[in-house]
Structure formats: structure tokens, C-alpha cells
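The block underneath contains the structure these notes are about, expressed in C-alpha cells.
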Amino acid sequence: MAGSKVLVLGGTGPAGICLLRELLHRNHPVVVFARTPSKIPSELASNPLLEVRSSIISLPRSEEDTSELQ
């Protein structure tokens, strides 16, 4: 699959950073969504295979909140 990337959510926690290291070591292009991108170690963040996106992903908390989506 040309152009495919691995998406990592939670890439700033201990397990996420370990996963990022392994994926980049294996030369996989990676997109990581992070609330706090500064928590990604600089040696990983500077890797050209890593694309860092800063974002907060939220879901509706109750049925009332879903009325806005309809």
C-alpha cells in the first residue's frame, strides 16, 4: 500500500513513545495525534517519517449532546 501511514493515538505516554520508537526503527511512516506534542522526545519528533498533529479528540458525553450531530 503505497502512501499508507500508521496512526498512533496516545503517542505521548510510555507505551505510545515505545510504539513510536519501534515503528520509526522499522521505517514505517507514522502520524501521531497528541494533546501535548512537546512530550514526544526530540529525537523522535525530528524524524522525517513522523508527522505530529496536535489535537483534542472528543466524543459527545450523553444522548443530549448527540442531538447537535443530527
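Just a few scattered comments:
- Filtered residue count, the range 40-55, keeping only those that are over 12 Å from the mean Cα position of the chain (by Cα) and open to solvent by 70 Å² or more (accessible area, probe 1.4 Å): 4
- Search result, residues across the range 1-31 that are in contact with a Lys or Arg (Cβ under 7 Å, 6 or more places away or on another chain) and of a type in the set (A, V, I, L, M, F, W, C): Val30, Val31
- Count of residues meeting criterion [in a helix (DSSP H, G or I) and among the hydrophobic types (A, V, I, L, M, F, W, C)] in the range 35-55: 2
- In the range 1-34, residue surrounded by the most Cβ atoms within 10 Å (Cβ to Cβ) [restricted to those that are at pLDDT below 95 and part of a loop (DSSP other than H, G, I, E, B)]: Gly11
The values are calculated or read from the model by the stated rules, or taken from the named source; none is laboratory data. These figures come from a predicted structure and were not determined experimentally. FYI the Cβ positions are ideal-geometry reconstructions off the backbone, even for glycines, and counts take in every protein chain you see. Note: accessible area is taken over every heavy atom of the protein model, side chains too, but ligands, DNA and RNA are not part of it. Shrake-Rupley method; radii C 1.70, N 1.55, O 1.52, S 1.80 Å.
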